[in-house]
Amino acid sequence: SELIRGFLLSGMPCPSSCPPGLLALMAPGLALMATFSLSSQAGDRRALPVEKSPGVKGRTLILLDVNTKSPVRIISENFLSLQLDPSIIHDGWLDFLSSRRLVTLARGLAPAFLRFAGKRTDFLQFHNVKNPAKSRGGPGPDYYLKNYEDDIVRSDIALDKQKGCKIAQHPDIMLELQREKAAQMHLVLLKEQFSNTYSNLTLTARSLDKLYNFADCSGLHLIFALNALRRNPNNSWNSSNALSLLKYSASKKYNISWELGNEPNNYRTLIGRSVNGSQLGKDYIQLRSLLQLIRTYSRANLYGPNIGRPRKNVIALLEGFMKVAGSTVDAVTWQHYYIDGRVAKVTDFLKTRLLDTLSDQIRKIQKVLNTYTPGKKIWLEGVGTTSAGGMNNLSDSYAAGFLWLNTLGLLASQGIDVVVRHSFLDHGHNHLVDQNFNPLPDYWLSLLYKRLIGPKVLAIHVAGLQRKPRPGRVIRDKLRIYAHCTSYHNHNYVRGSITLYIINLHRSRKKIKLAGTLRDKIVHQYLLQPYGKDGLHSKSVQLNGQPLAMVDDGTLPELKPRPLRAGRTLVIPPLTMSFYVVKNVNALACRYR
């Protein structure tokens, strides 16, 4: 790593004699991310004394090229996926998943998985009833129980008459009443979360129908996490309620993948009784046997064990699970939250050390899998910027996007097959869509990612000049660059195009000169910046200077690029996220699917 840093500090590109993969030492993991740093302390914004290289006019911080011959990773088409928390049953939002606006927003992020799971997974009971009025409860004034509930019933009756996708247009007054109800339930849900004591939830057959209708209409594949805390006296899993749900889903021919439980490492604090990895593995084998007995699900995918942060005791649980059921699951899953939402500050989202905490977790998970099931796919499920439901004006603001985009880049570069974002819509502040059904900054970031980024990950080659750090100063990686083949689904670009996405955490602009195979190509810029006076706290964004908003409930806006002339230096504004499509590169790695 010192050799690579020396080349970068000297302004020389790594020579051909560099050992293969040496650039990988510069960043945690692999040579798929280029990170650079300059001091961003107040007052230290002077231009660098950069020498002019042949063919490069003006001052250039970085020379950037991409290996276009072959991808270094290939991730799932559903790499960026979504999660819904069972709390939407409690607070009533599940009844509004048929909203045309919500379906339009979710459809924009397809193809993707929709994971229905969260803290309340292991308190969820299935009840095969159809009448929603008899099975809905919760606090609220009388008009909820009279007008509001009657409106829901009338809406359900209208939906039942529709064929195919069932889409509703809810009146404004109905949504206003729901927001009032959800605000009351929000306090109840927060109290449960902070006390770590959860009440039981009932999922009716009609509620499951609404959930599946939302996923199906949006082009999402539903993954349902079953309750793992229904236990027999010998601590084995009691599958009776799960079997009832499976039979009902099969009778409706619902195409669903399955999981069992959520964060099993926390079971002792939830119920005072733990489930070790070996027992959890046996439970998964039992579930697999159950699925094979039902024709509809005999080949259904099964994912798990959905562990939390891989600390020592959690790794022990994972090892016990993999010994018993490593071959039973189709992908191994874990969860990660960066910050405690109760104490988060906007500056936390700019800390490079925080951005890099994920690398160590990936290594720990990969080490276990390499021991027991080499080559097994790894998923990061339930990822969010903050825990404890997030914090208003922070985890739902533009600033949170730095963590989110870096998470996507880092996971793809290290071969993590799928990342599931918590949450599409919920009671906290980690969501992509707010309770007015308006997309938040992370939604627009995710939409750009889906439109521009393909599953093939490319290696980056860089060279640049940096000031030699003074003794004791820590070099921080504040400029992060990732490269993929451009999405095949985007018909605005021919196959062979490449998309770069760049995070600039510096408080000054940075310049990048495209070199090698990228030199003198036309580039399309998609620069995402906060919109309005709130800056990094903003809940609105602008793309190339134009604010982003839905055209109407059924239409997303056109994401218009800013064309840059061939050979132009890329100027990256401070504290921004941006995408650059390099057109007509004719990259061999990107010509074929």
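The values are calculated or read from the model by the stated rules, or taken from the named source; none is laboratory data. The model shown is predicted, which means the values in this text are computed figures rather than measured ones. As a convention, Cβ positions derive from the backbone with ideal geometry for all residues, glycine included, and neighbour counts pool all protein chains shown. Heavy atoms of the whole protein, side chains included, go into the accessibility calculation; ligands, DNA and RNA do not. Shrake-Rupley method; radii C 1.70, N 1.55, O 1.52, S 1.80 Å.
When region 109-126 is filtered for residues that are assigned to a loop (DSSP other than H, G, I, E, B) and crowded, with 22+ Cβ neighbours inside 10 Å, the ones remaining, listed by number, are LEU109, ALA117, GLY118, ARG120. Please state which of the following conditions ILE502 fails to meet, knowing it meets all the rest: (1) under 24 Å from PRO573 (Cβ atoms); (2) surrounded by fewer than 21 Cβ atoms within 10 Å (Cβ to Cβ). Here ILE502 meets the rest and fails (2).
Of all residues in region 323-336, how many are closer than 18 Å to GLN286 by Cα, open to solvent by less than 60 Å² (accessible area, probe 1.4 Å), touching a helix residue (DSSP H, G or I) at 6+ places or on another chain (Cβ under 8 Å) and not in a loop (DSSP other than H, G, I, E, B)? The number of residues fulfilling the criteria is 3.
Suppose the filter is free of Cβ contacts under 8 Å to residues at least 12 places away in the same chain and open to solvent by 10 Å² or more (accessible area, probe 1.4 Å); does GLY320 pass it?
Taking the combined requirement at face value, the residue does not satisfy it.
For first residues located in region 285-311 and more than 11 Å from GLU259 (Cβ to Cβ) and assigned to a helix (DSSP H, G or I), partners that are among the hydroxyl-bearing types (Ser, Thr, Tyr) and open to solvent by 60 Å² or more (accessible area, probe 1.4 Å) and lie 6+ apart or on another chain with Cβ distances below 9 Å form the pairs THR296/SER251. The set of residues in region 270-314 that are in contact with a Lys or Arg (Cβ under 7 Å, 6 or more places away or on another chain) and within 17 Å of TRP379 (Cβ to Cβ) comprises LEU302, PRO310. Summed over region 510-569, residues that are within 19 Å of LEU452 (Cβ to Cβ), open to solvent by less than 70 Å² (accessible area, probe 1.4 Å) and either more than 27 Å from the chain's Cα centre (by Cα) or at pLDDT below 95 (or both) total 6.
Taken over region 159-171, residues that are open to solvent by 40 Å² or more (accessible area, probe 1.4 Å) and either assigned to a strand (DSSP E or B) or modelled with pLDDT of 90 or more (or both) amount to 2.
Tell me which of these TYR198 doesn't satisfy, since it passes every other one: (1) buried (at least 16 other Cβ atoms within 10 Å of the Cβ); (2) touching a His at 6+ places or on another chain (Cβ under 9 Å); (3) under 30 Å from ARG268 (Cβ atoms). Going through the list (1) buried (at least 16 other Cβ atoms within 10 Å of the Cβ); (2) touching a His at 6+ places or on another chain (Cβ under 9 Å); (3) under 30 Å from ARG268 (Cβ atoms), TYR198 breaks only (2). Screening GLN178 against (1) in a loop (DSSP other than H, G, I, E, B); (2) modelled with pLDDT of 85 or more; (3) in contact with a Gly (Cβ under 8 Å, 6 or more places away or on another chain) leaves a single unmet condition, (1). Would you mention how many residues in region 337-353 are open to solvent by 50 Å² or more (accessible area, probe 1.4 Å), within 27 Å of LEU425 (Cβ to Cβ) and β-branched (Val, Ile, Thr)? Of the residues in that region, 1 qualify. In region 354-376, the residue that is farthest from LEU302 (Cα to Cα) out of those that are in contact (Cβ under 8 Å) with a residue 60 or more places away in the chain and either among the small types (Gly, Ala, Ser) or open to solvent by 80 Å² or more (accessible area, probe 1.4 Å) (or both) is SER359.
For region 201-244, name all the residues that are crowded, with 18+ Cβ neighbours inside 10 Å, among the polar types (S, T, N, Q) and under 24 Å from LEU425 (Cα atoms). Selection gives THR204, SER207, ASN213, SER218, ASN227. Residues that are of a type in the set (Gly, Ala, Ser), part of a helix (DSSP H, G or I) and modelled with pLDDT of 85 or more within region 181-213 comprise ALA182, ALA183, ALA205, SER207, listed in sequence order.
Determine whether SER508 is small (Gly, Ala, Ser) and under 23 Å from SER487 (Cβ atoms). Criteria not met by SER508. Evaluated against (1) within 25 Å of the chain's Cα centre (by Cα); (2) under 17 Å from LYS376 (Cα atoms); (3) not basic (Lys, Arg), GLU319 falls short on exactly one condition, (1).
Scan region 86-140 for residues that are at pLDDT below 95 and within 16 Å of the chain's Cα centre (by Cα) and the total you get is 1.
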